[in-house]
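Okay, so here's the structure we're looking at.
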Amino acid sequence: MTSLPRLHLGTGNPGKLREYQAILGELGHEFLPLSAPEPEETAPDLDGNARLKASFYARHAGALTLAEDAGLVVPSLGGLPGVISARFSDCEVDTSTGRVLSYRASGRPREALDEANRHRLLQLLSAHEGDARRASFQVVIALAAPDGAILFTARGEAHGRILREPRGLGGFGYDALFSGDETDGLTFAEVDPARKNAVSHRRKALELIRRWMREHPQVR
Ligand code: ITT
């Protein structure tokens with residue numbers, strides 16, 4: 001059905017992997033998940049970390065590879081949790097500037113860390129009302145050549161607000177707290193996965209990746 005080349009995907013997050021499976025399947029892209037040790041995310045922003053991860057995984061696979069960095073951005077918290085979304089509860093932060101003051105890895109398993117991150121977010125927003133609860137999921141997806149060179153990056157955003165308590169059992173990460181503008185106020189954990197995948201930050205960035213691949217058929 002497609003002449004698009006097969007892509008490798010570097011991620012250690014099973015929630016992301018499920019969404020790539022669904023979205024890339026729909027877009028007619030074959031892909032292979034990579035199992036590799038995860039690189040340290042040392043860049044100060046999503047773009048830098050997406051590039052670093054894609055280069056790392058592409059060199060590991062010796063193949064055309066996608067990787068992403070994503071986060072939840074809350075403007076009233078200075079843009080936090082943002083680039084530290086995955087380890088928010090392990091960080092000491094200044095919510096007036098969005099600065100990370102310190103980080104100490106708790107070593108908690110992913111599910112427990114996600115739970116602690118949601119709890120932290122609710123705590124920090126407990127006195128916030130109305131527009132102060134606005135938020136967006138943001139992602140940068142990078143495509144790297146087999147030698148690790150970055151070929152293209154794409155950004156996607158999904159806008160909504162943070163509820164006062166979780167709703168829904170689907171999704172991952174902050175989904176149960178995120179009431180989406182494009183999902184009629186339902187959370188990304190309440191809607192059918194296909195509905196999240198139709199409007200998500202990840203979907204929008206992957207559409208741009210597909211468009212770029214079609215415009216560059218020589219890239220294999
Ligand atoms: P990688 O191996 O792909 O790096 P990760 O979980 O470490 O997986 P990130 O560094 O990109 O991923 O961290 C993003 C965090 O932001 C992730 O752990 C979630 O808590 C949250 N997040 C990102 N996209 C999300 C989504 O679609 N729904 C809910 N939470 C999301």
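Given the stretch 1-70 reduced to its alpha-carbon atoms as identical point scatterers, what log10 I(q)/I(0) does the Debye formula return at q = 0.16, 0.22 Å⁻¹? Once normalised to I(0) and log-transformed, intensities are -0.53, -0.95. Every helix of 4 or more DSSP H residues in the chain counts as -39500 (n - 2.57), and over all residues that averages to -9500 deg cm²/dmol at 222 nm. Rounded to two decimal places and with Rh computed the Kirkwood way over Cα pairs, what is Rg over Rh for the stretch 128-220? In the stretch 128-220, Rg relative to Rh is 1.10. Inter-part distance, the stretch 11-55 to the stretch 160-220, computed on C-alpha centroids, equals 15 Å. Computed over the alpha-carbon atoms, the chain gives an Rg to Rh ratio of 0.97, Rh here being the Kirkwood radius from the mean inverse distance.
When +1 charges are put on Lys and Arg Cβ atoms and -1 charges on Asp and Glu Cβ atoms, the dipole computed for the chain relative to its Cα centre reaches about 320 debye.
Each reported figure results from applying straightforward, stated rules to the coordinates on display, with no laboratory input. The structure displayed is predicted, hence computed values, not measured ones. Neighbour counts run over all protein chains shown; Cβ positions are idealised from the backbone, glycine included.
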